[in-house]
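Structure record follows, encoded as structure tokens.
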Amino acid sequence: MTVRTRMHLAAHFPGVNSTTVWTDPRSKSQIDFASFEHLARTAERGLFDFFFLAEGLRPREYKGRIHDLDVVGRPESITVLNALAAVTERLGLAATVDATFNEPYELARRLATLDHLSGGRAAWNVVTSSDAFTGENFRRGGFLDRADRYARAAEFVATARDLWDSWTPEGVARPFAHQGRHFDIAGEFGLPRSPQGQPVVIQAGDSDEGREFAAATADVVFTRRGTLDAGREFYADVKGRLATYGRSPEDLKIMPGVTVVLGDTAADARERAAEIRHRQVSPQNALLALERIWGVDLSSYDPDGPLPDIDPEPAPALARGRVRVADPLAVAERWRALSRAKGLSIRQTVIEASGRQSFVGTPETVAAELDEFVTAGAADGFILVPHLTPGGLDEFVDRVVPLLQERGAFRTEYTGTTLRSHLGLPEPVWKG
Amino acid sequence: MTAPHGRGLLHLAAALDQQAAFDAASYVGPAQLAERGGLDFVTLGDTFARPGPDALAVLSRVAPATRRIGLVPTVTTTHTEPFHVQAAVATLDWVSRGRAGWQLDVSTTEGEARLFGRRHAAPADALWREAGEIAEVAARLWDSWEDDAEIRDEATGRFVDRDKLHHVDFQGATFFVKGPSIVPRPPQGHPVRVVDATEGPARRVAARHADVALVRVVGPAHARAVRAELRDAAAKFGRDADTLRVLGSLVVDLGDGERAAEPGHGGGGPRQTAQGPLYRGGPVDLAELIAAWHASEAVDGFHLTPVEPHRDLERLVNGTVALLQHRGLFRTFYPGSTLREHLGLARPANQYAVTGGAS
Ligand SMILES: Cc1cc2nc3c(=O)[nH]c(=O)nc-3n(C[C@H](O)[C@H](O)[C@H](O)COP(=O)(O)O)c2cc1C
């Protein structure tokens with residue numbers, strides 16, 4: 001029997017967003033430590049590669065006021081992960097931390113500390129904030145345009161890696177200096193080389209610059225490409241860029257963020273998926289989704305009525321602190337066509353048009369589809385984004401993981417103790 | 001929770017600082033030992049200037065491995081963003097369920113400044129003024145969510161009541177913060193702020209913002225004078241002086257044996273050294289010293305830094321603390337679960353909720 005490529009699995013804590021069905025009676029706190037502990041223990045029980053936390057440095061605003069419809073309020077990532085290191089043994093611990101509003105020495109030190117205290121389980125998801133809105137909370141203020149953001153991020157990661165490598169393997173600190181366009185720093189780093197050599201680096205971002213950055217530096221890519229075809233295109237594109245940097249395709253793992261809805265039968269699962277979508281898109285959320293595209297106040301519209309006839313305003317967005325819609329007119333036309341064709345109300349159109357679940361079915365069909373994604377070259381694994389905090393992965397771990405294991409598609413035990421070993425990544429060679 | 005007559009309750013804290021320890025076990029064991037002794041809190045110092053792990057990270061690693069003891073890391077304010085500092089400290093309070101503190105400190109050296117490359121070293125005066133502003137903005141950001149901001153109101157589809165979230169619009173001399181925080185108000189409202197008030201520039205910040213002030217002095221008379229000065233200054237800032245705990249800081253070398261190892265230095269009291277006031281002697285004499293300084297209202301308690309972390313902490317807990325407990329001078333169990341409760345400090349009211357204004 002040939003050795004199968006095994007998939008990697010990660011658990012996304014569904015803290016702050018609109019995917020959580022917070023009206024569900026089983027939905028618990030997004031901030032109490034008990035919630036983090038529950039999801040992390042579930043992920044470790046399921047032998048997942050890592051546990052993942054997103055980041056947002058300012059509550060979003062809408063029409064100049066704090067957005068109040070979605071789950072908001074989260075703890076600071078690295079601090080929570082250090083606490084989780086106390087209640088888990090093998091699970092990787094991944095923190096999303098912005099490279100724009102942090103400084104390399106300090107962040108490299110915090111990440112190296114997490115790696116030491118967890119025995120080699122730390123990862124950093126490098127994101128690059130794009131808005132001055134977030135900058136209003138920081139001394140440096142402002143923001144960087146896309147090209148500059150990634151230039152700073154690349155210099156940031158390279159600097160962090162030099163810091164992580166600045167002690168000899170024998171544990172002797174050596175002086176360090178870096179002078180570049182964004183950073184001019186010197187001194188001695190505070191920690192020896194960490195238990196997995198260096199924390200794992202994750203990249204999230206879809207643009208050309210983002211892909212290039214990932215190909216050059218990342219160990220894992222977190223993508224939104226949830227369909228088979230889009231996944232294959234993305235996978236081939238990003239893996240194809242690796243050779244330029246002297247890297248091989250196995251050096252970078254591509255993991256889309258996906259959702260899973262299970263049922264005892266296909267019909268049962270579809271019904272649950274529809275129910276989840278319905279609860280995610282409240283009448284108020286439906287109007288808001290529409291306003292984000294139309295760019296004007298639509299609060300007088302009936303969410304159960306038809307879409308507006310007026311065309312979207314191309315200029316100012318009402319929302320602050322989130323990615324803008326690139327071509328509002330095109331989206332509006334698509335949504336109107338969908339609404340006309342199927343006779344859908346505003347709320348139904350939003351439900352139909354946006355964010356459908358990636359995998360819906362019985363544990364058997366979902367296990368088969370996940371496996372197919374990996375064997376078809378659309379992903380190396382998945383970052384699962386549950387709908388419920390914190391019990392949203394219990395069912396997946398209890399019902400799907402055993403089937404994946406039966407198929408030989410997923411590990412049956414942890415064979416190493418570090419995140420790099422789970423991901424099949426070699427420990428980085430010390431560059432003395 | 002102040003005792004009805006005379007002096008208040010005795011408060012005890014210990015430092016977990018160790019050289020060249022980067023693994024979790026080196027800190028978890030000693031913290032658990034300190035908790036067995038019923039100490040109010042443990043501290044872990046930090047600076048970018050010398051090797052060592054991030055102190056706040058270490059104490060968040062310790063949090064789930066302990067249940068009651070307060071956890072007070074040093075977080076310096078000179079190079080770290082105020083917004084990040086307050087979020088991390090608030091998070092330590094969440095993961096420890098109300099046991100977080102924060103010892104404020106500044107980075108005065110050019111060496112530390114070079115690690116960041118953003119600003120040059122500045123005089124302690126200016127940096128402490130800035131630290132005071134950061135203590136202030138942190139408190140505002142902790143209050144930027146009212147306690148009942150999360151409403152989960154299904155009928156209106158609102159998860160939070162946006163009128164209970166507030167921009168802080170804080171303008172300091174060197175920075176601006178918009179707010180609100182990303183972290184909901186922590187369990188203690190405000191995690192406990194600790195300041196070493198020995199030196200001049202820090203003393204003002206301690207009087208104004210600290211819940212606990214540490215003073216490094218060798219004798220009870222000096223301690224009493226500093227305590228009185230701090231309490232007066234706190235009152236001038238409009239605070240109730242009884243909301244400030246003043247602890248004497250001693251480095252302790254508990255050596256061998258029960259009694260003072262060196263005649264005249266132990267029983268004779270601490271002496272000044274380069275590391276700060278050093279007490280050298282036996283655990284029994286230390287208990288006597290603690291009881292005497294506390295009885296004369298020179299201090300509200302002590303912050304003790306063992307010279308040999310494992311040996312001295314063990315002697316402190318099993319010798320000194322046991323004796324103080326035996327004499328009824330120190331708690332034998334934690335009556336509360338938060339650090340504020342151990343210190344007898346109330347949970348602060350929310351500065352925005354009082355006015356009830358919109359953001
Ligand atoms: C799957 C995914 C997850 C992301 N998670 C975060 C996050 O948690 N915090 C954040 O500030 N940005 C996050 N981002 C935003 C990216 O860091 C980046 O700013 C954004 O994608 C725009 O960059 P791009 O132009 O390269 O796509 C995420 C992006 C993707 C694709």
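So that you can scan it fast, the table gives a plain yes or no per residue for (1) under 18 Å from A:R74 (Cα atoms); (2) among the β-branched types (V, I, T):
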{"residue": "B:D163", "(1), (2)": "no, no"}
{"residue": "B:H167", "(1), (2)": "yes, no"}
{"residue": "B:T174", "(1), (2)": "no, yes"}
{"residue": "B:K178", "(1), (2)": "yes, no"}
{"residue": "B:P187", "(1), (2)": "yes, no"}
{"residue": "B:H190", "(1), (2)": "yes, no"}
{"residue": "B:A197", "(1), (2)": "no, no"}
{"residue": "B:G200", "(1), (2)": "no, no"}
{"residue": "B:A207", "(1), (2)": "no, no"}
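Tallying residues that are open to solvent by 30 Å² or more (accessible area, probe 1.4 Å) and assigned to a loop (DSSP other than H, G, I, E, B) within region B:173-191 yields 4. Just to be sure I understand, how many residues within region A:173-197 are of a type outside the set (A, V, I, L, M) and open to solvent by less than 10 Å² (accessible area, probe 1.4 Å)? Total meeting the criteria: 5. If you filter region A:202-216 down to residues that are surrounded by fewer than 20 Cβ atoms within 10 Å (Cβ to Cβ) and farther than 24 Å from A:R356 by Cβ, you find that the one that is farthest from the ligand (Cβ to nearest atom) is A:A216.
Within region B:192-234, which residues are part of a loop (DSSP other than H, G, I, E, B), open to solvent by 50 Å² or more (accessible area, probe 1.4 Å) and either farther than 17 Å from B:Q272 by Cα or not basic (K, R) (or both)? Selection gives B:E199, B:V218. Residues that are more than 12 Å from the ligand (Cβ to nearest atom) and basic (K, R) were ranked within region A:111-146; the one that is modelled with the lowest pLDDT is A:R140.
Conditions tested, residue by residue: (1) open to solvent by 10 Å² or more (accessible area, probe 1.4 Å); (2) of a type outside the set (G, A, S).
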| position | (1), (2) |
| --- | --- |
| B:G37 | no, no |
| B:F83 | no, yes |
| B:R97 | yes, yes |
| B:A100 | no, no |
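Of all residues in region A:70-90, none are more than 9 Å from every other protein chain (Cβ to nearest Cβ), under 20 Å from A:D398 (Cα atoms), in contact (Cβ under 8 Å) with a residue 60 or more places away in the chain and open to solvent by less than 20 Å² (accessible area, probe 1.4 Å). Just one of the listed residues (A:A147, A:A154, A:A160) is under 18 Å from B:F48 (Cα atoms) and not hydroxyl-bearing (S, T, Y), and it is A:A160.
Scanning region A:119-136 for residues that are open to solvent by less than 10 Å² (accessible area, probe 1.4 Å) and outside any helix (DSSP H, G or I) turns up A:G120, A:R121, A:A122, A:A123, A:W124, A:N125, A:V126. Across region A:243-254, a minimum of one residue is classified as touching an Asp or Glu at 6+ places or on another chain (Cβ under 6 Å) and buried (at least 18 other Cβ atoms within 10 Å of the Cβ). When you check A:D184 against the structure, is it of a type outside the set (A, V, I, L, M) and either within 14 Å of the ligand (Cβ to nearest atom) or more than 14 Å from chain B (Cβ to nearest Cβ) (or both), yes or no? Judged against the criteria, A:D184 is not a match.
Against the definition (small (G, A, S) and either part of a loop (DSSP other than H, G, I, E, B) or modelled with pLDDT under 95 (or both)), how does A:A108 come out, yes or no? Considered against the rule, which asks whether it is small (G, A, S) and either part of a loop (DSSP other than H, G, I, E, B) or modelled with pLDDT under 95 (or both), A:A108 comes out as no. Look at A:P390 and say whether it is part of a loop (DSSP other than H, G, I, E, B), within 16 Å of the ligand (Cβ to nearest atom) and either under 20 Å from A:D371 (Cβ atoms) or of a type outside the set (A, V, I, L, M, F, W, C) (or both). Here the answer is no, as A:P390 does not meet what is asked.
In this structure, does B:H120 turn out to be surrounded by fewer than 24 Cβ atoms within 10 Å (Cβ to Cβ), in a loop (DSSP other than H, G, I, E, B) and away from every other protein chain (no Cβ under 11 Å)? Against the criterion (surrounded by fewer than 24 Cβ atoms within 10 Å (Cβ to Cβ), in a loop (DSSP other than H, G, I, E, B) and away from every other protein chain (no Cβ under 11 Å)), B:H120 qualifies.
Summed over region B:270-283, residues that are of a type outside the set (F, W, Y) and buried (at least 18 other Cβ atoms within 10 Å of the Cβ) total 7. Candidates are the residues of region A:37-66 that are surrounded by 21 or more Cβ atoms within 10 Å (Cβ to Cβ), within 16 Å of the ligand (Cβ to nearest atom) and within 8 Å of chain B (Cβ to nearest Cβ); the one that is nearest to A:L423 (Cα to Cα) is A:L57.
Per the listing A:P249, A:P303, the residue uniquely more than 30 Å from A:V374 (Cα to Cα) and either away from the ligand (no atom under 16 Å from the Cβ) or in contact with a Cys (Cβ under 9 Å, 6 or more places away or on another chain) (or both) is A:P303. Can you say whether B:I134 is in contact with a strand residue (DSSP E or B) (Cβ under 8 Å, 6 or more places away or on another chain), under 22 Å from B:P180 (Cα atoms) and more than 9 Å from every other protein chain (Cβ to nearest Cβ), as far as the supplied structure shows? Yes, satisfied.
The values are calculated or read from the model by the stated rules, or taken from the named source; none is laboratory data. These figures come from a predicted structure and were not determined experimentally. Neighbour counts are summed over all protein chains in view; Cβ atoms, including those assigned to glycine, are modelled from backbone coordinates with ideal geometry. These area figures cover heavy atoms from the full protein model, side chains too; ligands, DNA and RNA do not enter into them. Shrake-Rupley method; radii C 1.70, N 1.55, O 1.52, S 1.80 Å.
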